Amino acid sequence: MGTLSGIRIIEFGGIGPGPFAAMMLADHGAEVIRIERPGASFGPHALARNRKAIGVELKAPEGVEIARALCRDADGIIEGFRPGVMERLGLGPEMLLGDNPRLVYGRMTGWGQDGPLAQTPGHDINYIALAGLLDGIGAPGGPPVAPVNYLGDFGGGGMLLAFGMTSALLGVKMGAPGQVVDAAMAEGAALLASMSWGFKAAGMWQDGPGANLLSGAAPFYRTYACADGGTVAVGAIEPQFYAALVAGLGEDGAGQMDAAAWPARTARFAAIFATRARDAWIAHFTPEACVSPVLTFDEAAAHPHNVARSTFAGSAPAPAPRFAATPASPPKASQPGEWTDRVLAGLGYDEPRIAALRAAGTIG
């Protein structure tokens, strides 16, 4: 089932954004064969779901040949090594596209395949720092705050690679040749800030944490602590929503967009929100005030709206988006290496050869 049913992807095992991209493709019907090192303990968890995981040692010549054979009959691959690693293994684009000219070769890195930082190590926080995003995240007057690893690894990385893979796969279906998809987390993170760059061009952007309307400077778009230690999120931007917010707080609504008055009004709002518990405030406001509880993971999974929409499946988010005619299959846990024998049998390996490869440590 799924809109990508019939697509085969070979995933070279990694962590974070590459597996996230593969998970998205697998969630929507692609057959994803994940190549892991023998003895790997990647799964089971959400990023490993819906895979046919096999254990293959790519440092062994016969392991490389197994991977190459799989790629000859695949629609795409995903790899997340540093630039040059796949080439040194004998599995670079020149080799695999030579075998299979229709192959979409997806590459996930922090900095991209070339450039001064291409071989430099890094993590999400480094990528979003150089992309300009980190500067604006945090409380005014303090240093920027790391927003977990959502923006670089997953938004600017894995999701962008999934989009790139799907675009290139569609291109092949329309007659284009196979090609390399060079997805860099730093560039994807920069792309996520496109609207903010528009604000900057219009003279509506200030550098620094918490300095802009959507980063906490405005009293009507930020979070507030409550009496019980809980937090509410306020997003009352439009005039009618702001009117509902200030009515619920017992405040006047004059001068909503007077930025000079924002600090004082924020202080007043904060003092008022501190007088009641989080859920008491949620019950107090009308929906038009755009006030929501800041939920933990467990609370989010139990929230009535998320339950009604089946937003979560078991202990993880369910596949998204939703397709009316070709819905995604329910997520299925994937165990490390569980498909090794069946996948090799599909390549024509008989039982004695599989046993010999296992004895040599080439597969697991």
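Since every read-out is calculated from the coordinates, none of them should be taken as a lab result. Here the structure is a predicted model, which means the values were calculated and not measured. Backbone-built Cβ (ideal geometry, glycine too); neighbour counts: all protein chains shown.
Computed over the Cα atoms of region 225-364, what is the ratio Rg over Rh, Rh following Kirkwood?
My calculation of the ratio gives 1.32.
Going 7 Å from the Cα of M95 toward and past its Cβ, which residues in region 55-69 have a backbone nitrogen under 11 Å from where you end up?
So the set is 58-69.
To the nearest 0.05, how large is the calculated FRET efficiency for V294 and A267 if R₀ is 25 Å and r is the Cβ-Cβ distance?
On the way: r = 20 Å, r/R0 = 0.79.
FRET efficiency, V294 to A267: 0.80.
For region 152-310, just the Cα set please: Rg and Dmax, both in angstrom.
For region 152-310, the Cα radius of gyration and maximum Cα-Cα distance read 20.6, 64 Å.
Tell me the Kirkwood hydrodynamic radius of region 227-299 in angstroms, computed as one over the mean inverse distance between distinct C-alpha pairs.
Values: mean 1/r = 0.0783 Å⁻¹.
Here the Kirkwood hydrodynamic radius works out to 12.8 Å.
Restricting things to Cα coordinates, could you compute the convex hull volume per residue of region 1-108 in Å³?
Residue-normalised Cα hull volume stands at 89 Å³.
Can you give the convex hull volume of the alpha carbon atoms of the chain per residue, in Å³?
169
Along the Cα→Cβ direction, 7 angstrom out, place labels at W197 and D114. What is the inter-label distance in nm?
The modelled label-to-label distance comes out at 2.0 nm.
Mind checking region 1-87 for trypsin sites (Lys or Arg not before Pro) that DSSP puts in a loop (not H, G, I, E or B) and that have at most 12 other Cβ atoms within 10 Å?
K59
Full extension from T326 to S5: what is 0.36 nm times the residue separation minus their Cα-Cα distance, to one decimal in nm? Kindly include the intermediate steps, with their values, before the conclusion.
On the way: separation 321, 0.36 × 321 = 115.56 nm, distance 0.91 nm.
Between T326 and S5, full extension yields an extra 114.7 nm.
How would region 238-278 be classified by its alpha-carbon gyration tensor: rounded, prolate or oblate, with rounded meaning a/c under 1.5 and the a/b versus b/c comparison settling the rest? Numbers along the way, then the final one.
Working: a/c = 2.44, a/b = 1.27, b/c = 1.92.
Oblate.
Just want the ordering: H305, H284, from fewest to most Cβ atoms lying within 10 Å of their own Cβ.
H305, H284
Tell me, Y242, Y349 in order of fewest to most beta-carbon neighbours within 10 Å? Spell out each step's value before the answer.
Working: Y242 22, Y349 18.
Ascending Cβ contact count within 10 Å gives the list Y349, Y242.
Of T326, T266, how do they rank once you tally other Cβ atoms within 10 Å and put the fewest first?
Lowest to highest Cβ neighbour count: T326, T266.
Just the number, please: percent antiparallel of the DSSP beta bridges in the chain, rounded to the nearest 5.
Looking only at bridges with both residues in the chain, the antiparallel portion is about 30 percent.
Place a +1 charge on the Cβ of each Lys and Arg in region 73-207 and a -1 charge on the Cβ of each Asp and Glu, then give the dipole magnitude about the Cα centre in debye, rounded to the nearest 20. It would help to have the intermediate numbers written out before the result.
Numbers: 6 positive and 13 negative charges, 36 e Å.
Once rounded to the nearest 20, the dipole reads 180 debye.
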